[in-house]
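Participant: Dropping a structure here in structure tokens format, bear with me for questions.
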Amino acid sequence: MTSREGDLHALEVWTARISYAGPSRFDITRKTAWLAQKARKPAPGDPFAPSWLLLKSGQSRNMPWEQYAAAYLTQMRLSYRVYRPAWDALLARKRVVLVCFCKDVGHCHRRLLAEALQKLGAEYKGERPSAGG
């Protein structure tokens, strides 16, 4: 991933739990992507969701956090190459709130993605309350 130097504005990135219903909500869960695919609808967050295999490995606690984080970031590097238009569209936004089911943002792919987006010129603002706003 490379920097987006020279952009007129930097994407403002926030993170929140899935219950966040405020503006700029962007669901990056595998479940939502899967449901959209079943319904033959587009899922904008699909390129940013962890794979089922990675998700199940992390949830079963068979994989240490550091290993999960490294595997997710490897998936995001591949996603950046394969789904570049989706990444460019996300980075072109003014603001986004990345949402998923995880309770602990310290051990969550939404924070990992926010930090990866920082390396592409975005500004990570932190966690928002789930209530929205």
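The values are calculated or read from the model by the stated rules, or taken from the named source; none is laboratory data. It should be emphasised that the depicted structure is a prediction, and the values quoted were computed from it without experimental measurement. Note that each Cβ is placed from the backbone with ideal geometry, even for glycine, and that neighbours are counted across all protein chains shown.
Participant: Out of all the residues in the stretch 91-98, is one or more in a helix (DSSP H, G or I) and in contact (Cβ under 8 Å) with a residue 40 or more places away in the chain?
Facilitator: yes
A quick yes/no check of all residues on (1) buried (at least 17 other Cβ atoms within 10 Å of the Cβ); (2) of a type outside the set (Gly, Ala, Ser); (3) modelled with pLDDT under 95:
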{"residue": "48", "(1), (2), (3)": "yes, yes, no"}
{"residue": "51", "(1), (2), (3)": "no, no, yes"}
{"residue": "67", "(1), (2), (3)": "no, yes, yes"}
{"residue": "75", "(1), (2), (3)": "yes, yes, no"}
{"residue": "82", "(1), (2), (3)": "no, yes, no"}
{"residue": "89", "(1), (2), (3)": "no, no, no"}
{"residue": "102", "(1), (2), (3)": "yes, yes, yes"}
{"residue": "111", "(1), (2), (3)": "yes, yes, no"}
{"residue": "123", "(1), (2), (3)": "no, yes, no"}
